[in-house]
């Protein structure tokens, strides 16, 4: 999500969640007691936090990890990305290069990392926020990011999907001042190759300024 609040959508629709694996009745009940009934909700917790819950043991954690990996999820903050904010959600994408590119772009945008961003896009890169603006060229895109730097508290990736030359990533960004951005970024790659650069992004956002 670009710091401008790029690409947005509302909260995840009910019914899009993945059921918990068979981890035993005690562990399942323990998770249900804290409101965790899906793998997506498990991904919002650190494994150490879950292990502290009575009824959730190492075996249950092992089974949860296997299930998370199978659905391209992971425990909270378990990723090779080093960021100054909480990062969670759909972060496992080593076997899908374009998903890795989109996630890297999202995080580089959030941290306004010029070097990483410039290595990911084509020379004629275009960024458009329908109804607001259309910027052509990396220079103008980066200037827009710099003009809207946000102190981020947390970033949750709801979904990260790709197919052929296109892909999309959406989630929720919460700033340190409490403001929330629901975003969706639709990517167009320069080619079908695994190392293809990003040619264009169309972003949609819903912004909640929080309590005044």
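Every number here is computed from the coordinates shown, using simple stated rules; none is lab data. All values reported here derive from a predicted model rather than from experimental measurement. Using ideal geometry, Cβ is built from the backbone for each residue, glycine included, and neighbour counts are taken over all protein chains shown.
Observations, loosely collected:
- When Rg and Dmax of the Cα atoms in Å is computed from the coordinates, the matching label among (1) 19.6, 66; (2) 21.6, 69; (3) 18.0, 56 is (3).
- Spin-label model, residue 123/residue 140: points 7 Å from Cα along the beta carbon direction are separated by 1.8 nm.
- Prolate/oblate/rounded label for the range 86-208 (Cα gyration tensor, a/c 1.5): oblate
- Against the chain, whose longest principal axis is taken from its Cα atoms, helix 138-147 shows a tilt of about 60°.
- Separation between Cα centres of the range 21-51 and the range 80-145, rounded to whole Å: 32
- Taking 7 Å steps out from each Cα toward its Cβ at residue 86 and residue 48 produces label points 1.5 nm apart.
- Annotation for residue 148 and residue 37: the two label points, set 7 Å from Cα along the Cα-Cβ direction, are 3.6 nm apart.
- Estimated FRET transfer efficiency when R0 is 30 angstrom, pair residue 191-residue 112 (beta carbons, to 0.05): 0.65
- Gyration tensor (alpha-carbon) shape descriptor, the range 25-70, a/c threshold 1.5: rounded
- Each of 159, 195 has some number of other Cβ atoms within 10 Å of its Cβ, and from fewest to most they run 195, 159.
- Antiparallel bridge percentage (DSSP; both residues within the range 75-161; nearest 5): 50
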